[in-house]
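Here is the structure we will look at, set down as structure tokens.
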There are 2 protein chains.
Amino acid sequence: MTLHSTDTLWLEGMAFENTTDGHQFTVDADSKFGGQDKGPRPKPLLLNSLAGCSGMDVVSILQKMKQEFSWFNIRVEGQLGDEHPKTYESIKLIYQFKSADGLDDAKVRKAVNLSQDQYCGVSAMLKKACELTWDIEYLE
Amino acid sequence: MTLHSTDTLWLEGMAFENTTDGHQFTVDADSKFGGQDKGPRPKPLLLNSLAGCSGMDVVSILQKMKQEFSWFNIRVEGQLGDEHPKTYESIKLIYQFKSADGLDDAKVRKAVNLSQDQYCGVSAMLKKACELTWDIEYLE
């Protein structure tokens with residue numbers, strides 16, 4: 001077991017400063033909920049966590065497969081329910097690539113599958129809480 | 001239902017830039033996993049998301065209860081398992097307060113309970129994936 005420890009310090013209003021792995025960043029509410037929009041809302045950090053965790057897997061696996069890309073973005077869409085506690089009822093990851101030489105779609109699918117089924121711990125956790133789907137897009 | 005959409009753009013190596021609610025911040029792996037530590041790891045963002053979501057609840061409820069504090073920090077400790085996919089097996093939130101006038105412990109406990117049981121959507125999701133506990137500390 002490995003212990004991960006983070007601190008989230010109240011600044012003022014609804015703003016908090018996270019200290020994580022020695023790095024700081026602020027979260028805040030928007031003005032409708034008493035905040036000043038000094039940083040992102042905390043809930044979508046779940047989507048960032050998922051994208052980063054799976055994105056690192058996919059970069060690493062595609063490099064081993066000698067698949068080169070010039071641009072890679074992961075869009076994540078979460079559908080938030082209306083009832084308290086407000087949770088994501090479904091989350092969709094869209095892995096978007098640009099590549100000068102073209103990418104082998106079968107290999108890209110294999111890389112994403114390996115991440116989603118075997119490696120990505122954030123995915124494994126969020127799948128227990130909501131529906132999680134993914135798609136791949138090749139952009140010009 | 002409300003749609004939350006985020007982008008996580010690959011920069012280089014294992015570094016990605018998140019764009020969330022119009023704000024940017026970077027995540028990266030450490031050098032052991034091909035990164036350069038340009039930002040936090042993605043997985044602990046789950047802990048930041050949890051702390052921020054619940055922290056905003058608690059600030060808001062304590063304000064309504066006229067409970068004043070000068071300092072408030074949420075330490076989150078996640079125990080990460082060793083087997084792939086590596087998930088948090090347990091998460092503990094420690095709500096830490098400093099207050100010149102003292103805080104009514106029963107009211108603080110009620111505020112945290114309301115967040116954990118009724119309002120915090122991140123808590124509700126992560127509870128489905130692992131054990132989640134909390135404690136309160138009053139510091140000098």
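The values are calculated or read from the model by the stated rules, or taken from the named source; none is laboratory data. Predicted, not measured: the structure shown is a model, and the values here were computed from it. Every residue, glycine as well, gets a Cβ built from its backbone with ideal geometry; the counts of neighbours run over all protein chains shown. The accessibility values were calculated without ligands, DNA or RNA, using every heavy atom of the protein model including side chains. Shrake-Rupley method; radii C 1.70, N 1.55, O 1.52, S 1.80 Å.
Is the stretch B:109-132 home to any residue that is among the charged types (D, E, K, R), facing chain A (nearest Cβ under 10 Å) and within 23 Å of A:A51 (Cβ to Cβ)? So far as the stretch B:109-132 goes, yes, one or more of its residues are among the charged types (D, E, K, R), facing chain A (nearest Cβ under 10 Å) and within 23 Å of A:A51 (Cβ to Cβ).
Kindly check whether there is at least one residue in the stretch A:49-64 that is surrounded by fewer than 17 Cβ atoms within 10 Å (Cβ to Cβ) and either closer than 20 Å to B:H4 by Cα or in the same structural domain as A:S123 (by TED's automatic domain parsing) (or both). There is at least one residue in the stretch A:49-64 that is surrounded by fewer than 17 Cβ atoms within 10 Å (Cβ to Cβ) and either closer than 20 Å to B:H4 by Cα or in the same structural domain as A:S123 (by TED's automatic domain parsing) (or both).
Exactly one residue out of B:D101, B:D105, B:D57 is on the phi < 0 side of the Ramachandran plot and at pLDDT below 95: that is B:D101. The combined condition, being crowded, with 19+ Cβ neighbours inside 10 Å and not assigned by TED's automatic domain parsing to the domain that holds B:K127, is fulfilled by B:N18. May I ask you to verify whether A:L11 is aliphatic (A, V, I, L, M) and at the interface with chain B (Cβ under 7 Å from one of its Cβ atoms)? Criteria not met by A:L11. Being open to solvent by 30 Å² or more (accessible area, probe 1.4 Å), facing chain B (nearest Cβ under 10 Å) and closer than 28 Å to B:G121 by Cα is a property that A:D135 lacks.
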